[in-house]
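Written out below as structure tokens is the structure these notes cover.
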């Protein structure tokens, strides 16, 4: 007899965070319908509480070492099929994305002040999208993974175009949708290849199936990778699949831009790890180090990483619009993480940890930067770099926080960003990808030039107005948390790197799990 | 090659797939909106026929009912009511068309090469799967229960999105 | 005794603590900020001096340096610690850095008086002092690199301290970016070392080199990459361009960071990793030649500059070149001895011209002269510094420079020796040119000669103490060589000493004839040298070369990539298909047309990736 839903109730706790988010989203939707127009921020605060609850769920489960698989048995077939996996990787990635979503919601509540429009919708769409993002991190099945990705994407398209009065926002929504459509199709096509090769959609059963096929089917794998990468590259915003990003980042409301550059991107990396890397780890484990650096996926990922670091950093040099500049900056940052992704087949255990570390730090520093950008550009009514003139005197603490985030993005010591790059690059060296690490180090020097443009504006240029910038309590807390986090993990990186290093081990346990 | 076509199912597959592709190309390349819609119908029907070939009559029926019966009819209604029958200029330059077409052809060639090169080595095993409605239901609410629930959330979000995109705000005009 | 060793971590920690306190409470302290900073640095300096004896005893008894630290992070099986290592080299650097930092901070009390951001200045100075001290006690490459970057940041902040001048902001950025180029070299070297030895500890790395575990081209590559970092920090040719511009910062900053300590960090780094260099003859040659070329080139440029603070900056580049030369010919003792004396007399020179700048409010030689009548004490301290710099016995510079020249001569490389001796002549000429023009001749100053008078006491005291140092430190060569344990100060008989002294005297005499004798002046020299003088004056057009060769191409690349998300790819996509009609339409392209391009680029990229990986995979 196949188990019914009732039989596996005990396992549903693996999806508790997602259920909290969806349930909260639905309640928020109903509340939104009942509320008069001017009180919509209540929905925002409610959504904040929901995300906090989800964070608590994940944290408590981590504390209790909850982990395992949500499994079902198929009619007429033998064995169990995995649907969802809760491992350390999923939990840490979920935490990063939830914290990112929390910060974005705080930004969003402020962003709607003095604005008319779809305020309530924006809050619960973020909740739905975050549900999808979480599913992308903890799916153990291609179908579930795909639906999760769509659940993240569709609300994102709408969110990007949510400022209906703004032509640029509308355009952003449309462009994002068009490119997203192609990405979805490509991923689905690539997944069909993987299914064709392995005969299963189960990510746990896939590795052994693939290991037996890979030697004969190189071209087939190359094509599957390329298609998957087209779709995932869109989500991660890496060159050459980045072209939507500058337009969309510039046009979308700033909190949504922050959401796309943090939560969406982290989810893309989570999914890339699950479908591009983990299924191929056993193949790699059997081959020698020299052999697997020639693996198609390593070659492809390394090329894309270099292109992203080069293109993102070089294009950002000439930008005058702060949000557009940060679009290119985020592209370059994704390039650094790709270095880790490319090194993972060679150095799985430690590199996975360094990627998680970098993404956590990236979320903090990028949200911190976007909070500042949001406040400064809105107050000035100007998105150019000149809006930051004299911020050091108008609002010293904010300028300090922004400076810390910028230095961290550039990888300056004593900030967490330094360690992030340090770990990524040192594991790349260990994985016989030294050239990639050195390319990353050299290219990251360029980034200081444009990050220092902000610092120059803030400290070395006279402000246009003398009035101080008043920031509301919520955003102050977010900015402070980001800054303190960046400094804290910069001074004692082991606090985060310690647990993160266990991530790779959780992959290996997944591989050893009996399907 | 000859082995491949000696099985009638394979022959049917090639014919139906070819027709579906022609119809899909018509959707992408056509000029008149009404023609596009009709080509879309052809494409949907082709997919339904493929499901029949795969011994999944229920999916075939669902495909016809939902895509042809509901979605296509909705599109046709929309076209008639809004009167959007004007010819849309495609606005894509020849050079771009040629480049993209080349890329697509190369990609297709590579894919065919990849698939054909390995076709002989893949064991063709009868799935032995029960394609009855009961089995389908149990798969949906069992193995893919999470995906199913997530999909329903996705539809909800899509609904909200559709409203946001299409509704004209009172204070917008 | 050991109790003192156990608190050695306080030396870098105290100034860092002062920075934290000043950041939090600085604005409330006002003038008191300076005294807080001086107090903490002072205690650190006293501690650094007191540590000398017990730590060197420990070094001799135990045959390994005193180490203190705690585990900072764990990467796989490698533990990286944060802590203190008291080797001979570190023990020498600690008093140099802390004592000069203390004196310069006292001086700054007078110099920065009345500045709107007075507490901020001292906060940055404390941060710099602490970071520099933490750098020199590092037991491993990672800690060194982190504080290496931190001192770079402090340098950036302090060069740009007077950001109201647009030149200052530009100079700050230039300094940061140029030194970072060198820093990448250092970082890459650190990664290479880590990949090869699995450790960041200096001792482990040096052991690996000495046991021939690492060797050949690999060691040369590491050494050269380390030297790239050192050359950036120590402003060696061709990465020297940032240091003269850095003179936009307040003069105490120039004295502390850009003369005595931070710029010497490059020399310190080469000395620290000397076994790596010693294992590669090629790397040693590069160090020696770059050092000699920097020494000579910078000295020639210094001849023709009219901004007297910049002259001293070029002099710093030149003297750092000497130190590199000393290391390059194999003598750590000579290089580090010169580092010590130079720190003292160059700080003195900066403080003396700082006093002039403070009073006369200009850095241009053409605007101020004849100050002897008004600033006798300043003039005397300046000339003591000038004597030390030119290498006239018994002043400090003579002894240490003699050591370097002796090492060069005994190695027998005549090219290097010629450059070294020529630079002695040039050095004496340019520094006395400044001295004679500033303090003698027509009595004038931009805001009226009568308003000029001696600087306040707070500035004079450190100058006096450094002047004593500029006379006395030359006699400590023996102590330094014992502390370092790297051999005696090189000697090559009387010949070298006499030749160097004569050359220096000739330089002084030439400067005297040119500037103090009527009828013969700089114009005559310029006429005599013709285009050569112009090359000196224009600094060999190196800045212009960078602008044309590096900056513009980079910006052009950036512009190109930026265009790529606009029209170029669009155009490229079209032109591949060779559509003649596309060009006209390109201008009027609708926004949605771009979205199609984006999709096209994605598709084409997939095709290319498949092809590339097929080719790459079939190797």
Next item on the list: Assuming 1.002 mPa s and 20 °C, estimate D for the protein assembly as shown with Stokes-Einstein, Rh taken as the Kirkwood radius over Cα pairs, in µm²/s.
Entry: 63 µm²/s
Next item on the list: Please report the orientation-averaged projected area of chain A, defined via the convex hull of its C-alpha atoms, in nm².
Entry: 22.4 nm²
Next item on the list: Quick one: grab Rg to one decimal and Dmax as a whole number for the range C:1-101, Cα atoms only, in Å.
Entry: 15.9, 50
Margin query: Over the Cα atoms of the range A:309-515, each weighted equally, I'd like the Debye log10 I(q)/I(0) at q = 0.08, 0.18 Å⁻¹, rounded to two decimals.
Written below: -0.29, -1.17
Next item on the list: Along each of the three principal axes of the Cα atoms of the range A:190-279, give the extent in whole Å, ordering the values from largest to smallest.
Entry: 47, 23, 16
Note to self: How shielded is A:173-182 by partner chains, expressed as the average number of their Cβ atoms within 10 Å of its Cβ atoms?
What the structure shows: 3
Margin query: Let me make sure I get this right: for the range C:128-199, a, b and c are the square roots of the gyration tensor eigenvalues over alpha carbons, sorted descending. Under 1.5 in a/c it's rounded, otherwise prolate if a/b > b/c, else oblate. Which is it?
Written below: oblate
Item checked: Ellipsoid equivalent to the range C:187-321 - semi-axes via the Cα gyration tensor, in Å -> 32, 15, 10
Checklist line | Test item: C:439-448 mean partner chain Cβ contacts at 10 Å | finding: 0
Next item on the list: Any chance you could give the angle, 0 to 90 degrees and rounded to 10, that helix C:414-439 forms with the longest Cα principal axis of chain C?
Entry: 70 degrees
Margin query: Averaged across orientations, what area in nm² does the convex hull of the alpha carbons in the range C:366-425 project?
Written below: 5.4 nm²
Notebook entry, point to check: Once the piece of chain linking residue C:162 and residue C:372 is laid out straight, how much longer is it, given 0.36 nm per residue of separation minus the C-alpha distance between them?
Noted result: 72.7 nm
Check: Order of A:97-104, A:312-319, C:433-440 by packing, highest average Cβ count within 10 Å first?
Finding: A:97-104, A:312-319, C:433-440
Notebook entry, point to check: Can you give the mean number of other chain Cβ atoms that lie within 10 Å of the Cβ atoms in peptide B:100-112?
Noted result: 5
Next item on the list: Please arrange C:64, A:242, C:113 by counting, for each residue, the other beta carbons lying within 10 Å of its beta carbon, fewest first.
Entry: C:64, C:113, A:242
Margin query: Can you compute the helix-only [θ] at 222 nm over chain C? Use -39500 (n - 2.57) per DSSP H run of at least 4 residues, normalise by all residues, nearest 500 deg cm²/dmol.
Written below: -24000 deg cm²/dmol
Item checked: Label-to-label distance, nm, for residues given as residue C:195 and residue B:28 (7 Å Cα→Cβ offset) -> 4.3 nm
Checklist line | P(r), alpha carbons of the range B:1-76 - 10 Å bins starting at zero, rounded % | finding: 21, 42, 27, 9, 1
Item checked: Cα-derived Rg to Rh of chain C, Kirkwood definition -> 1.03
Next item on the list: Can you figure out the FRET efficiency of residue B:163 with residue A:382, using R₀ = 41 Å and their beta-carbon distance, to the nearest 0.05?
Entry: 0.80
Next item on the list: For a quick protection proxy, order the peptides C:392-401, A:50-59, C:123-132 by their average other-Cβ count within 10 Å, most packed first.
Entry: C:123-132, C:392-401, A:50-59
Checklist line | Förster radius 41 Å - calculated FRET efficiency between residue C:74 and residue A:42 (Cβ-Cβ, nearest 0.05) | finding: 0.30
Next item on the list: Starting from the Cα of residue C:27, step 7 Å along the direction of its Cβ; do the same at residue C:555; then give the gap between the two resulting points in nm.
Entry: 3.6 nm
Next item on the list: Indicate the gyration tensor shape class of the range C:97-144 (rounded, prolate or oblate), computed on the Cα atoms with a ≥ b ≥ c the square roots of the eigenvalues: a/c under 1.5 is rounded; otherwise a/b larger than b/c is prolate and the rest oblate.
Entry: oblate
Notebook entry, point to check: How many percent of all Cα-Cα pairs in the range C:277-433 sit more than 24 Å apart?
Noted result: 32 percent
Note to self: Expected output is a single nm value to one decimal: the length gained when fully extending between residue C:282 and residue C:218, i.e. 0.36 nm times separation in residues minus the C-alpha distance. What is it?
What the structure shows: 21.9 nm
Next item on the list: Tell me the label-point distance for the pair residue B:113, residue C:548, using the 7 Å Cα-to-Cβ offset, in nm and rounded to one decimal.
Entry: 4.7 nm
Notebook entry, point to check: So if R0 is 25 Å, what FRET efficiency would residue C:361 and residue C:516 give, r being the distance between their Cβ atoms, rounded to the nearest 0.05?
Noted result: 0.50
Note to self: Give the average over all directions of the projected area of the C-alpha convex hull of the range C:21-169, one decimal, in nm².
What the structure shows: 10.7 nm²
Next item on the list: Take peptides A:335-341, A:447-453, C:93-99, A:472-478 and line them up by average Cβ neighbours within 10 Å, highest first, as a rough protection proxy.
Entry: A:335-341, C:93-99, A:447-453, A:472-478
Note to self: Can you compute the label reach from residue C:53? Point 7 Å from Cα along the Cβ direction, backbone N cut-off under 18 Å, restricted to the range C:1-29.
What the structure shows: C:1-8
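None of the figures in this text is laboratory data; all of them are computed from the coordinates on show. As the structure is a computational prediction, the values presented were derived from the model and not from experiment. Here the Cβ is made from the backbone with ideal geometry for all residues, glycine too, and neighbour counts use every protein chain on show.
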